[in-house]
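Here the structure is laid out as C-alpha cells; the discussion comes afterwards.
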Amino acid sequence: MKLSVPGRTAAATLMAVAGLLTTTAISTAAPAPEAAAAPDISVAAVQAHLADLQGVADANGGNRAHGSAGYKASVDHIKKKLDDAGFTTSVQEFTAGGETGYNLVADWPGGDDGQVVMAGAHLDSVSDGPGINDNGSGSAAVLEIALTVAREQYKPTKHLRFAWWGAEEIGMVGSSHYVDSLSAGDRGKISGYLNFDMIGSPNAGYFVYDDDPAIEKTFKDYYAGKDITTEPDDEGDGRSDHAPFQQAGVPVGGLFSGAERTKSAEQAQKWGGTAGEAFDACYHSSCDKASNIDETALDRNSDAIAYAVWGLSS
Ligand code: DTR
Ligand code: ZN
Ligand code: ZN
C-alpha cells in the first residue's frame, strides 16, 4: 500500500508522522503531579476475613460477644495478622459488666505523630449471633485496609492508627475507655477518627455520617465519582464508637449501610434492593452470619474507606 498525502512528498509525510509521535511521547512522559492514589481494596480479601470471623464464632458457641471466648479469639486472630504485617500493636484491657474487655490498637510506623488519622470498628457481636454485618463488616474492611497500607509500604504525611473496639454493644465501653485514657495532649493530636459499623447490610443503603464537614466531603466525593447517591446518616447519631471521640472534640466521620429501619420506595429506586424491608433484617439476630452481606456494598464501602484513609493522611 502506498502511503501518500496529496501535495506532500512521502518523506514529508513520514516526518509529519514522526513529529506527532514525538509530541505524544513527550506529553505521556510528563503527567500532571498527583497525590498517591488510593488502592482498590480486594472484596475477596475482606470476605475472607469475614469467613475467619464466622469460623471464630462457630468454634466458640456461635458468637463473639464481650466477655466471651469468641471475642478474645477475634482479637488474637486480627492481632496476629497485623503483627506479621509490621504494625506496632497493643491490647488495652478494661472491665465492663464484670468481664474483661479488650481494645486492639495498631500503629503504622512513621508519619507525623502530631497529626494522627484513626480508623476503627467495633469487633464485638451481640450474644445472639456471630455478628458478621454488625460488625464483622467494619472490622474486616479496616483490617484489609491496614494490611494494604503494609503491602504497599504506604508512607503517609500523617501518622496512621487503626483500632478494633470491645464492648460497643453494651454501651461503647471500649472506645470510651480509650478516649478517656488519652491525655488532653494526645487527644488533640488526633486530626480525625473514622468509624465503620455495619457496612455490608444485605438490603444496603449508603449513609455518610454528617459530622465533620471535611471528612463527610471526602466520602461524598468518592461516591459522587462512582455515581452513587448518598444520604446523611440520621439513624446513627451517638450510636457507635465515634460518639466518645466526638464528645472529646475530635473531628469524626464514617459510613453505615443501615440497620433495623425500613428501606423506602425512593431509596430502593436509587440503591436497588427491596422497599418495605429492613436494611438488615438479621440485625442483632442469629442470622447475622456470613450470608448476611451485600458484597457490592461491602466492596464499595471498603474502597471508600481506602480513599478517605489515603486522602486524609497524605
Ligand atoms: N451501633 C450499631 C447500630 C447502629 C444503628 N444506627 C447506626 C448508625 C451508624 C452506625 C451504627 C448504627 C450497633 O452496633 O448495634
Ligand atoms: Zn449492634
Ligand atoms: Zn455495630
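Here are the numbers for this structure:
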quantity	calculated
Residues of the stretch 253-271 satisfying the condition of being within 16 Å of ligand 2 (Cβ to nearest atom) and not aromatic (Phe, Trp, Tyr)	Gly254, Leu255, Ser257, Gly258, Ala259, Glu260, Arg261
Any pair with Cβ under 7 angstrom, 6 or more apart, that starts in the stretch 180-192 at a residue that is of a type in the set (Val, Ile, Thr) and ends at one that is modelled with pLDDT of 95 or more	Ile190/Val116; Ile190/Met118; Ile190/Val250
Condition check for Gln115: out of contact with any Lys or Arg (no Cβ under 9 Å at 6 or more places or on another chain), closer than 30 Å to Lys155 by Cα and either among the polar types (S, T, N, Q) or within 13 Å of ligand 3 (Cβ to nearest atom) (or both)	no
Residue that is nearest to ligand 1 (Cβ to nearest atom) [pool: residues in the stretch 215-260 that are β-branched (Val, Ile, Thr) and part of a helix (DSSP H, G or I)]	Ile215
Selection from the stretch 212-230 of residues that are of a type in the set (A, V, I, L, M) and surrounded by 13 or more Cβ atoms within 10 Å (Cβ to Cβ)	Ile215, Ile228
Residues located in the stretch 105-158, provided they are acidic (Asp, Glu), within 16 Å of ligand 1 (Cβ to nearest atom) and touching a Ser or Thr at 6+ places or on another chain (Cβ under 6 Å)	Asp128
Some residue of the stretch 84-92 being crowded, with 20+ Cβ neighbours inside 10 Å and within 16 Å of ligand 3 (Cβ to nearest atom)	no
Top-ranked residue of the stretch 100-152 - restricted to ones that are over 21 Å from Ser176 (Cα atoms) and acidic (Asp, Glu), ranked as surrounded by the most Cβ atoms within 10 Å (Cβ to Cβ)	Glu144
Complete set of residues in the stretch 261-305 that are crowded, with 20+ Cβ neighbours inside 10 Å, among the basic types (Lys, Arg) and either modelled with pLDDT under 95 or part of a loop (DSSP other than H, G, I, E, B) (or both)	Lys263, Lys289
Enumeration of residues in the stretch 95-122 that are in a loop (DSSP other than H, G, I, E, B) and either within 25 Å of Ala69 (Cα to Cα) or in contact (Cβ under 8 Å) with a residue 24 or more places away in the chain (or both)	Gly97, Gly98, Gly110, Gly111
Residues of the stretch 168-213 that turn out to be within 16 Å of ligand 1 (Cβ to nearest atom) and either within 20 Å of Cys282 (Cβ to Cβ) or not in a strand (DSSP E or B) (or both), as a count	25
Some residue of the stretch 127-148 being in a loop (DSSP other than H, G, I, E, B), away from ligand 3 (no atom under 12 Å from the Cβ) and free of Cβ contacts under 8 Å to residues at least 12 places away in the same chain	no
Evaluation of Gly129 against (1) under 21 Å from the mean Cα position of the chain (by Cα); (2) closer than 21 Å to His49 by Cβ (one fails), failing number	(1)
Of all residues in the stretch 139-187 being away from ligand 2 (no atom under 15 Å from the Cβ) and among the β-branched types (Val, Ile, Thr), the one that is farthest from Gly249 (Cα to Cα)	Thr148
Residue check for Phe256: within 16 Å of ligand 3 (Cβ to nearest atom) and out of contact with any helix residue (DSSP H, G or I) (no Cβ under 7 Å at 6 or more places or on another chain)	yes
Criterion violated by Met198 - all others in (1) surrounded by fewer than 22 Cβ atoms within 10 Å (Cβ to Cβ); (2) within 26 Å of Asp124 (Cα to Cα) satisfied	(1)
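The values are calculated or read from the model by the stated rules, or taken from the named source; none is laboratory data. Note that the coordinates shown come from a computational prediction; the quantities given were computed from them, not determined experimentally. As a convention, Cβ positions derive from the backbone with ideal geometry for all residues, glycine included, and neighbour counts pool all protein chains shown.
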